[in-house]
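The values are calculated or read from the model by the stated rules, or taken from the named source; none is laboratory data. Just so you know, these numbers come straight off a predicted model, no measurement behind them. Here Cβ is always computed from backbone atoms with ideal geometry, including for glycine, and neighbour counts include all displayed protein chains.
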Amino acid sequence: MTTLPTDKHFRRPVSAWIICLGAAFLFGGALLLPDGRQASASAAQQRVVAPELIGGTDWLNTAAPLRLADLKGRVVLLDFWTLCCINCIHTLPDLAKLEAKYGGALVVIGVHTPKFDNEKNTESIRKAVLRYEISHPVVNDANTAIWRRYGVKGWPTLVLIDPEGHAVYMESGEGQYEFLDRAIGQMVKFYRARKMLNEKPIRFELARFAESAASPLFFPGKVLADDAGKRLFIADSTHHRIVITDLNGKKIAIAGTGAEGKKNGSFDEATFSDPQGMALDGNTLYIADRKNHLIRALDLKAQTVKTIAGTGVQDRVSRNKGGVGLAVGLNSPWDLYLHKGKLFIAMAGHHQIWAMDTATRRLDPYAGSGREDLVDGPLGSSAFAQPSGLTSDGKNLYVADSEISAIRSVPLAGRGQVKTVVGEGLFEFGDKDGIGSKVRLQHALGVVYRDGLLYVADTYNSKIKTIDPVKQECKTFLGQHGGWLSSSTFNEPGGLSFAGDKMYVADTNGHRIRVVDMNTRDVRTLLLQGVEAPKQAKASASR
């Protein structure tokens, strides 16, 4: 859980307007515990009406703003989130399962309260709604009006509201599905029996109905160029597939049907879920299958896919326990880097760097305690915050540590000190060139090393920057000052890779790959030839 800088060790106290005793909830005159026992009938007298959702700047996934008063008779679940936060991202599948299970009886509303400046922008939120395939209404709480009215302190925070409009449960952090499922189930049963439940389905005007998903790429997260083999590998993340072309964009193959899943087999039958970083070893392509919490291996000759690490279930606990391949639970692997038979993994969900021996498939934590923070020092006691990009100069692993807008240095020798190259902390971000701790990036997701310099995808500033890791000097390479306010060169780029004198950029929110001529700095969009959107995306776009 990420918390506000004013209270980094927040544990939600019982607020003045809501009753929540540990994991308990109130409805219909009784306070119920997770096991269903009644704790206190008199506690119902302390229930209060949930504050109205007033103060948002824009609404998404709905034709008009929603009012709690208009949702009487339904269970309402508020999700206070921000689009950068890995814990918030992990919560979204739980919300989707609850929505599917309880139909019209449950209305989920996302209250997007920003951390980064870029996240105040409604267009950035709209893109995130599409990228994360969110199917419920979202309000842009850009000025934190709703956040303050509810007394929220950290992301994500979930608030449950009963069909009479009372706020009955509030808790921060991911992993609340089982309790919420029981609570909502009991609440639905109670109000249905009293004929006070409205279960008529609501059809919201989802953002995906207005924006075609039929473009060849849809939110590509990472890109990997193979100069020797003249191949380009594109993580077509929200199309849930890997696109393989030559360096000029001509189709070679596509791995994945476009349907979301975790099926192994031939390229034509395999499925992925939000694939991200990649690493190449001859004719084996390793994939960080992010949402499946898996590492997949593509045999590029046989054109087959198999799972080599992960259980397929998110592991929120085992930050310090390794193991072999399929027996080890992973937590949102976001990027990969291969060095001398060792596959380094940016484990964004654990806030750690892990390593896998590709011969034995043994995985172990490599750097980071699992605490979300910026802490330099020995490998095991250092701290990262949602590492999302990896590269190396052969001696050090460099990490795009996104949530702290920093670039970190990690020794490859298995001993030594983690150091911060640029950046300063969880809430120190912006758009400022300079030296060391004075540099300000904004949620950088990608980094690649070339000729003594680090090239950084400064994602929320929509820029490419260079950093000299020795001098710790940062300079803007491409993109105008002001990021999304003034530049159309990039739109929240997430990954970078080099082949010859060309830099390939996964321009995530632009649904495209951009190609930078390193000699002239000219930028063009790669023209994909023979690559079409998957059938599922075309069908969705035609609705």
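Residue-by-condition table, conditions (1) of a type outside the set (D, E, K, R); (2) at pLDDT 95 or above; (3) over 20 Å from the mean Cα position of the chain (by Cα):
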residue	(1), (2), (3)
Gly394	yes, yes, yes
Ala400	yes, yes, no
Glu403	no, yes, no
Gly414	yes, no, yes
Val418	yes, yes, yes
Val422	yes, yes, yes
Phe427	yes, no, no
Lys432	no, yes, yes
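The condition of being of a type in the set (D, E, K, R), surrounded by fewer than 24 Cβ atoms within 10 Å (Cβ to Cβ), closer than 26 Å to Leu379 by Cβ and touching an Asp or Glu at 6+ places or on another chain (Cβ under 6 Å) holds for only one of Lys395, Lys419, Lys475, Lys471, that being Lys419. Filtering region 343-373 to residues that are in contact (Cβ under 8 Å) with a residue 60 or more places away in the chain and surrounded by fewer than 21 Cβ atoms within 10 Å (Cβ to Cβ) leaves only Thr358.
Taken together, the residues in region 113-151 that are within 26 Å of Leu441 (Cα to Cα), in a loop (DSSP other than H, G, I, E, B) and among the β-branched types (Val, Ile, Thr) amount to 2. In region 53-98, the qualifying residues are those that are among the charged types (D, E, K, R) and over 15 Å from Ile146 (Cα atoms), and the one that is surrounded by the fewest Cβ atoms within 10 Å (Cβ to Cβ) is Asp70.
Filtering region 263-282 to residues that are in contact with a Lys or Arg (Cβ under 8 Å, 6 or more places away or on another chain), farther than 20 Å from Gly325 by Cβ and surrounded by fewer than 22 Cβ atoms within 10 Å (Cβ to Cβ) leaves only Glu269.
Rundown of residues vs (1) at pLDDT below 95; (2) part of a strand (DSSP E or B); (3) within 27 Å of the chain's Cα centre (by Cα), yes/no style:
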{"residue": "Lys189", "(1), (2), (3)": "no, no, no"}
{"residue": "Arg203", "(1), (2), (3)": "yes, no, yes"}
{"residue": "Ala228", "(1), (2), (3)": "no, no, no"}
{"residue": "Ile252", "(1), (2), (3)": "no, yes, no"}
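When restricted to residues that are crowded, with 18+ Cβ neighbours inside 10 Å and under 20 Å from Arg514 (Cβ atoms), region 242-262 contains 6. Just one residue in the set Phe233, Phe218 is assigned to a loop (DSSP other than H, G, I, E, B) and among the aromatic types (Phe, Trp, Tyr); that residue is Phe218.
Being under 18 Å from Met518 (Cα atoms), within 27 Å of the chain's Cα centre (by Cα) and in the same structural domain as Pro387 (by TED's automatic domain parsing) is a description that applies to Val448.
State all residues of region 420-451 that are among the hydrophobic types (A, V, I, L, M, F, W, C) and in contact with a Phe, Trp or Tyr (Cβ under 9 Å, 6 or more places away or on another chain); if no residue qualifies, say none. Don't jump to the end; show me each part of the working.
Kept after step one, since they are among the hydrophobic types (A, V, I, L, M, F, W, C), are these residues of region 420-451: 421-422, 426-427, 429, 435, 439, 441, 444-445, 447-448.
Selection gives Val421, Phe429, Leu441, Ala444, Leu445, Val447, Val448.
Taken as a whole, the condition of being assigned to a strand (DSSP E or B) and aliphatic (A, V, I, L, M) applies to Leu158.
Would you check if Gly104 is in a loop (DSSP other than H, G, I, E, B) and surrounded by fewer than 19 Cβ atoms within 10 Å (Cβ to Cβ)? Answer is no for this residue. The set of residues in region 53-74 being in contact with a Leu (Cβ under 8 Å, 6 or more places away or on another chain), touching a residue at least 24 places away in the same chain (Cβ under 8 Å) and assigned to a loop (DSSP other than H, G, I, E, B) consists of Leu53, Asn61, Pro65, Leu66, Gly73, Arg74. Being modelled with pLDDT of 50 or more, of a type in the set (Gly, Ala, Ser) and buried (at least 18 other Cβ atoms within 10 Å of the Cβ) is the filter here; which residues of region 478-491 pass it? Scanning region 478-491 gives a single hit, Gly479.
Just to be sure, is Gly414 assigned by TED's automatic domain parsing to the domain that holds Ser332 and surrounded by fewer than 24 Cβ atoms within 10 Å (Cβ to Cβ)? Judged against the criteria, Gly414 is a match. Selection of region 351-402 for residues being touching a Leu at 6+ places or on another chain (Cβ under 8 Å), assigned to a loop (DSSP other than H, G, I, E, B) and more than 25 Å from Tyr460 (Cβ to Cβ) yields Thr358, Gly394, Lys395.
Residues of region 60-97 that are of a type in the set (A, V, I, L, M, F, W, C) and in contact with a helix residue (DSSP H, G or I) (Cβ under 9 Å, 6 or more places away or on another chain): Leu60, Val75, Val76, Leu77, Leu78, Phe80, Trp81, Leu83, Cys84, Cys85, Ile86, Leu95.
Scanning region 420-435 for residues that are touching a Lys or Arg at 6+ places or on another chain (Cβ under 9 Å), without any contact (Cβ under 8 Å) to a residue 60 or more places away in the chain and not polar (S, T, N, Q) returns Val421, Val422, Gly423, Glu424, Glu428, Asp431, Lys432, Asp433, Gly434, Ile435. When Asn331, Asn320 are checked against the criterion of being over 27 Å from Gly494 (Cβ atoms) and either modelled with pLDDT of 95 or more or in a loop (DSSP other than H, G, I, E, B) (or both), Asn320 stands alone in meeting it.
Please work out if Leu197 is outside the structural domain of Ala400 (by TED's automatic domain parsing), modelled with pLDDT of 95 or more and touching a His at 6+ places or on another chain (Cβ under 6 Å). For Leu197, the condition - outside the structural domain of Ala400 (by TED's automatic domain parsing), modelled with pLDDT of 95 or more and touching a His at 6+ places or on another chain (Cβ under 6 Å) - is not met. Set side by side, the residues Ile407, Ile467, Ile435 differ, and just one is within 17 Å of Leu336 (Cα to Cα) and in the same structural domain as Ile353 (by TED's automatic domain parsing), which is Ile407.
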